[in-house]
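Derivation of every value follows stated rules applied to the coordinates shown; laboratory data play no part. All values reported here derive from a predicted model rather than from experimental measurement. Cβ: placed from backbone, ideal geometry, glycine included. Neighbour counts: every protein chain shown.
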Amino acid sequence: MAAAIAILAVHVLALRFLPTFRASEPPAAEGPAFTVVILPPLAAEEPRAPAPSQRPSARRPPLPSPDTRNAPATALPPVEPAPSTAPRAIDWSKEAARAAADRLAADADTVRRAGTFEQWKQHVMPAPDVPRGPDFRWDEAHIHRLTPTPQGMLVALNDRCAVLISPLAIIPGCRIGSMPSHGDLFAHMRDPERVGD
C-alpha cells in the first residue's frame, strides 16, 4: 500500500510541475506580419578594376581629344529587319482552288488507271456469254405506287384497286374478277448463278 501511495505522489508531482518545464511559446504577434525582401538592382554592374597582380602590362589607349568627342557620328549601315515569325494570313479561295485541282487530278488519274485495267481485263478475260433468265415479276402495285396519266395521278393501293386523282375529282376504282396467280415465282430458283448476280 505504501508503494501505491508513493506512485500516486510521484504522479501528482509530475502533473503539477511538468507543465512548467514545457518550452515557452513566443507570444502571438498582434496585427498582420510583414516580410521585407530586398532585391539587387537590375542595372548592369560596372566592371571592376583588376587586382594589381592581374593588371596587363600594356598601356591604355589615349582618350579621344575634345575635338573628336563632339564630331558628328558616322552613319551606320541600315539594319535589315528579321523575318517575321508571325503566322501568315491564309487565302482560303486559293487554298480551295488548289485543293479542288488536286482532287480533280487525283480522280482523273484514278479513272485513267481503272480504264487501262478494264481494257486489259476485257482483252484477257472476256465475260462469259450466259443467257439471261427471265426477270422476276414484281408486284406492280408496290413498285409503281404513283403513275402519272393524262387524266391525273393514279395511286395504286394494291393489285386490284387504285385511286385516280385529277384536277376535277378523286375517282376510286377496283378490278372485278379473278387475278392470275404467280405460280412461276420459284421456277428458276435452282438455276446456276449467273455472272453479275
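Tabulated values for the structure
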| read-out | value |
| --- | --- |
| Pairwise label distance in nanometres, L164 with I90, each label 7 Å out on the Cα-Cβ vector | 6.2 |
| Cut-off 18 Å, label 7 Å out along Cα→Cβ of T149, residues of the range 164-178 by amide N | 164-177 |
| Approximate spin-label separation A14-W120, in nm, with each point projected 7 Å along Cα-to-Cβ | 10.2 |
| Ordering of 155-165, 103-113 by burial proxy (mean other Cβ atoms within 10 Å per residue, highest first) | 155-165, 103-113 |
| Summed side-chain charge close to V111 - residues other than V111 whose Cβ falls under 14 Å, Lys, Arg +1, Asp, Glu -1 | 0 |
